[in-house]
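Derivation of every value follows stated rules applied to the coordinates shown; laboratory data play no part. Every value quoted in this text rests on a predicted model; they were computed, and no experiment measured them. We place every Cβ from the backbone using ideal geometry, glycine too, and count neighbours over all the protein chains shown.
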């Protein structure tokens, strides 16, 4: 059964940024896009780059190594060279705390 995990204070994830966090033994990339928080697996399935280090364009994250793109809202791959989606996770903001459900 999925469980919520406290990840970080909201202030540690300023608008327009992405950061990697270890949550329940998994590396997740969290992004703040216009005040909405998204969580996906941090590693690009193509060659393993950290997606938290990629550039954000709206709700799209662009892999920093080879330019694969993923939809932050659901983890769906949008363009090659990656051909696999990344997992996305439900995010909850409770007061000033960000929680992720795994």
84, 99 arranged by Cβ crowding within 10 Å, fewest neighbours leading: 84, 99
Multiply the residue separation of residue 3 and residue 50 by 0.36 nm, subtract the distance between their alpha-carbon atoms, and state the gained length in nm to one decimal. 14.5 nm
If I compute semi-axes √(5λ) of the Cα gyration tensor in Å from the structure I just sent, which labelled value in (i) 26, 14, 11; (ii) 22, 14, 11; (iii) 30, 14, 11 lines up? (ii)
Compute the distance in nm between two label points, each set 7 Å from the Cα along the Cα-to-Cβ direction, one at residue 59 and one at residue 92. 2.1 nm
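Multiply the residue gap between residue 11 and residue 74 by 0.36 nm, knock off their C-alpha separation, and tell me the result in nm, one decimal place. It would help to have the intermediate numbers written out before the result.
Working: separation 63, 0.36 × 63 = 22.68 nm, distance 2.37 nm.
The residue 11-residue 74 span can extend by a further 20.3 nm.
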